[in-house]
Amino acid sequence: MLRKWFHVPATLVPPLGRTQQSRGHSRLVTFIVVISALLTVAAWVMLHRLYGLSEHYLTPGFTFAKIPAEHLWSTIATTACLFVALIAAYGAIGWCILRAPEVSRTLRVAVLGSIVGAALTSIFIYPVAAIDIFYYLAELKLTYDFHHNPYQLTFLPTFQSDQLARYGWPLHVPLAYGPAWLLLARLPVLVSGFDSLLLALLSYKAWSALMVLATGLLIAAHHTDHRRRWLSLHLFLGNPFIWFEAVANAHNDIVMTFFVIGAVLALGRRSLVALPLILLAALVKIVAVVLVPALALLACTRLAWGVRRLAASTLLAAAVGGVLVMPFWDGGALLSGMARGLAFAANLKTPSLLSLAQTIMEGQHVGHMLRAIRVLFAIIFCCVAGCLVWKMREWERALGWTLLLLFTLLG
């Protein structure tokens, strides 16, 4: 899967031994990659100057709407220009990896420098595009500091006098994320505690950065070719939008992504941990559950696992799921609480065709048909995804298209 997502065709990648390119061309490549790496770091530093965490974290719900009117458009224009620069540098470094006679030390240092610069700077940027991290911290505090089940008790109104009640949203609904995220996310708050909001924010964002790095290294370690390894590392870890969404805005999708990629790699190697890993992804964000039947179908058909291997992987997944679910089960409170949280999330606006259809129908005062529209979109997704998994020659690409279809249709 990763070879399809993160690599150009082999015909576009010159062999490592082909060194007939001129010395002038080699110098040009080195110059471009160094300038691009410096531009990347400079752009991230400027983003930090615009949206520094320490300057804005005490402003409840700081977003573009909270920027003074006289500075709003200049700030937005500057932000857009910085991302254009980041995208240009990202593409230039990727081109240099492809066209360089060899992946030299200078090129490797430039790639690593741009990655480290993005990682460190994004930790200290306020989540200006989303305030989910305050919701995460509130749910973690409810669980590990107040010792309540977040699927049974909501943060508000019970703890409305707490500092996090001013910043988090939506704290009046049960936790919509699974117990795998709840258990893993305990690590950063064990380090920081909850006495200092700034320290808790930094600790969680640093943990998110480590998850991004771990995912990128997992992708790179899958490849044996030196050039392709560095190319895949850059294509994932050099992507500015990954750092902005996963670390600057601290969305927990990166935790799910780590397990999804691990599951795909394990499936390709016919490892029994494939189904447990995809279950872990679903127990972070329930959306990944759509890949469980897809992976099982692929294992039975194209990868010829056999009944015994599939049964063993399924039993292992069930054991892992049981261990994670039991601490929060509480007589079924986990299921009912997650259902309420997911029902609330289903009504939020997302960049998906389903959300667009719902918005149009609400504007035309036919909201009573929303349920039928959701069912229709779900049926469309299941039919198309089933055809992709069953018919596409390359199963890795089929899974990739299934995920793309999921986010496009349903969000």
### Query
In this structure, does Val191 turn out to be closer than 30 Å to Leu235 by Cβ and not hydroxyl-bearing (Ser, Thr, Tyr)?
no
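Can you find even one residue in the stretch 150-159 that is of a type outside the set (S, T, N, Q), outside any loop (DSSP other than H, G, I, E, B), on the phi < 0 side of the Ramachandran plot and touching a helix residue (DSSP H, G or I) at 6+ places or on another chain (Cβ under 8 Å)? So that I can check it myself, show each step before the final result.
Step one: filter the stretch 150-159 for residues of a type outside the set (S, T, N, Q), giving 150-151, 153, 155-157, 159.
So of that shortlist, the ones also outside any loop (DSSP other than H, G, I, E, B) come out as none.
Scanning the stretch 150-159 turns up no residue that is of a type outside the set (S, T, N, Q), outside any loop (DSSP other than H, G, I, E, B), on the phi < 0 side of the Ramachandran plot and touching a helix residue (DSSP H, G or I) at 6+ places or on another chain (Cβ under 8 Å).
Conditions (1) within 30 Å of Leu342 (Cα to Cα); (2) assigned to a loop (DSSP other than H, G, I, E, B), marked per residue:
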residue: Gly91; (1), (2): no, no
residue: Gly94; (1), (2): no, no
residue: Pro101; (1), (2): no, yes
residue: Ser114; (1), (2): no, no
residue: Pro127; (1), (2): yes, yes
residue: Ala130; (1), (2): yes, yes
residue: Tyr135; (1), (2): yes, no
residue: Phe146; (1), (2): yes, yes
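Would you check if Val375 is among the aliphatic types (A, V, I, L, M), assigned to a helix (DSSP H, G or I) and closer than 30 Å to Leu303 by Cβ?
Numbers: among the aliphatic types (A, V, I, L, M): yes; assigned to a helix (DSSP H, G or I): yes; closer than 30 Å to Leu303 by Cβ: no.
So Val375 does not fit the description; no.
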### Message
Residues to consider are Val34, Val41; find the one that is out of contact with any Gly (no Cβ under 6 Å at 6 or more places or on another chain) and of a type outside the set (S, T, N, Q).
### Response
Val34
### Among (1) surrounded by fewer than 17 Cβ atoms within 10 Å (Cβ to Cβ); (2) assigned to a helix (DSSP H, G or I); (3) charged (D, E, K, R), the one test that Glu139 misses
(1)
### Query
Does Leu86 satisfy the criteria of being surrounded by fewer than 15 Cβ atoms within 10 Å (Cβ to Cβ), touching a residue at least 12 places away in the same chain (Cβ under 8 Å), aliphatic (A, V, I, L, M) and closer than 26 Å to Ile35 by Cβ?
no
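Looking only at the stretch 300-307, decide whether some residue is assigned to a helix (DSSP H, G or I), surrounded by fewer than 17 Cβ atoms within 10 Å (Cβ to Cβ) and among the hydrophobic types (A, V, I, L, M, F, W, C).
Within the stretch 300-307, the subset assigned to a helix (DSSP H, G or I) is 300, 307.
Remaining after also requiring surrounded by fewer than 17 Cβ atoms within 10 Å (Cβ to Cβ): 300, 307.
Adding the requirement that they be among the hydrophobic types (A, V, I, L, M, F, W, C) leaves 300, 307.
So far as the stretch 300-307 goes, yes, one or more of its residues are assigned to a helix (DSSP H, G or I), surrounded by fewer than 17 Cβ atoms within 10 Å (Cβ to Cβ) and among the hydrophobic types (A, V, I, L, M, F, W, C).
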### Query
Taking interchain pairs and intrachain pairs at least six residues apart, which have beta carbon atoms under 6 angstrom, with the first residue in the stretch 162-182 and free of Cβ contacts under 8 Å to residues at least 40 places away in the same chain and the second hydroxyl-bearing (Ser, Thr, Tyr) and part of a helix (DSSP H, G or I)?
Gly168/Tyr135
### Query
Is one or more of the residues making up the stretch 183-190 assigned to a loop (DSSP other than H, G, I, E, B), crowded, with 22+ Cβ neighbours inside 10 Å and at pLDDT 95 or above?
yes
#### Entry: Subset tally (residues that are in a helix (DSSP H, G or I) and more than 22 Å from the chain's Cα centre (by Cα)) for the stretch 340-366
9
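The values are calculated or read from the model by the stated rules, or taken from the named source; none is laboratory data. All of these numbers come straight from a predicted model, not from anything done at the bench. For neighbour counting, all protein chains shown are included, and Cβ atoms are generated from backbone atoms with ideal geometry for every residue, glycine included.
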